[in-house]
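What follows is a set of notes on a single structure, which appears directly below.
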Amino acid sequence: MKRNYINGSRPELPDTGGGCLHGSDSELLARAQAGDDSAFHELIERHSASLFRLGFLLVGNVADAEDVVQETLLGAFQHLVRFKGHSSVKTWLTRILVKQAARHHRSRFRRRTISLEETGGKPGEAGEASALDTQIQSADARMDVRAVLEALSAEHRQVVVLREYEGMSYREISEVLNMPPGTVESRLFRAREHLKRLLKAYE
Amino acid sequence: MSAFYDGQFADEEQRGLQEHVARCAECAAELERLKALSRLLACADVPRLSPGALERIHQAVDTVGEKAVFRTAQALAMAAAVVLAVCAVWLWQAGGAPEAYAAAAPDWERAAVAQQAVVAGGLSAEAQFAQWIVEDLGGENGSE
């Protein structure tokens, strides 16, 4: 069945006999696992905006962010059985998205490295600090926060975005990134130190 | 200081650290730098997901769902075909050759369906009786 969600209008969803589509994320996901596709569409409506925001901050551009969000939600839909309820639905979706964004970033880094090599540039110029130097040289004096985030390594960018933009606790971040909370704390500390050094270029 | 700023300590520890920050200029300055960093990061210009992109996501999920139903139907049809084929082969093998079937039939049945009369001495009493009935039905015993 084709649905039209343009302009935010909610279509008349089919009567699945399961009652209204309100309910917690866990209830909706359980219904989706039981075969109620409309429940998963409701989850898309609830989470796509925040997933896109997170994806954009991780990958740095709209097109890739849209791809990452679509791949995340499609992957979640195709592997609904894998969700066992050990974490919240939001954490689960965030975990998938972070992995997809990292994959996109690695793919883009490889393309950028190959491009530099083909034009005679040095592979090292595709590294972390060089990205910011390039941005600073071409941008005006106005602060470009996205450029600063882009200059971070993928691991540092993940913890900064999840903490500063998603407001996740260290425990929640550790669930998403599958690492101990202590590692989250130390990685976040180093990421912030790096950000301060990068932002000094704008002073 | 980073973990304190993020409120990751237990309440009592947080209060203790808060009291320390109130007395320590260096820690207070670091706390201010962290707050300034957060304010700066909050200035990032983040676009919204377009309605068209959202629609594409919904349609992609629908397409995947339809393909999954089709694949399930295909698998069930193939399984049913295999079961039917196996049953057909089993039934054919269990039925056996006509000769074997004929050999397994009792004497009276073979006599009843025989095209020609069988020498009486070669048949059991039941078979002879069955053959007499068949002949009587055919008018060979003088009955009408």
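Within the range B:38-53, the set of residues being of a type in the set (Gly, Ala, Ser), at pLDDT 90 or above and either under 23 Å from A:LEU199 (Cβ atoms) or surrounded by fewer than 15 Cβ atoms within 10 Å (Cβ to Cβ) (or both) comprises B:SER38, B:SER50, B:GLY52. Can B:LYS35 be described as touching a residue at least 24 places away in the same chain (Cβ under 8 Å) and either exposed (fewer than 12 other Cβ atoms within 10 Å of the Cβ) or more than 30 Å from A:GLU193 (Cβ to Cβ) (or both)? So B:LYS35 fits the description; yes.
Checking each residue of the range B:26-38 against the condition of being over 34 Å from the mean Cα position of the chain (by Cα), more than 7 Å from chain A (Cβ to nearest Cβ) and basic (Lys, Arg) gives at least one match. In the range A:172-203, of all residues being among the small types (Gly, Ala, Ser) and over 20 Å from the mean Cα position of the chain (by Cα), the one that is farthest from the other protein chains (Cβ to nearest Cβ) corresponds to A:ALA201. Looking at B:ALA53, B:ALA81, B:ALA44, B:ALA60, just one residue is facing another protein chain (nearest Cβ under 7 Å), farther than 23 Å from A:GLY35 by Cβ and part of a helix (DSSP H, G or I), and that residue is B:ALA53. Select from the range A:160-171 the residues that are in contact with a Ser or Thr (Cβ under 9 Å, 6 or more places away or on another chain) and buried (at least 20 other Cβ atoms within 10 Å of the Cβ) and write down the one among them that is nearest to the other protein chains (Cβ to nearest Cβ). Looking at the filtered set, the residue picked out is A:GLU164.
The values are calculated or read from the model by the stated rules, or taken from the named source; none is laboratory data. From a predicted model like this one, the values you see are computed outputs, not experimental measurements. Using ideal geometry, Cβ is built from the backbone for each residue, glycine included, and neighbour counts are taken over all protein chains shown.
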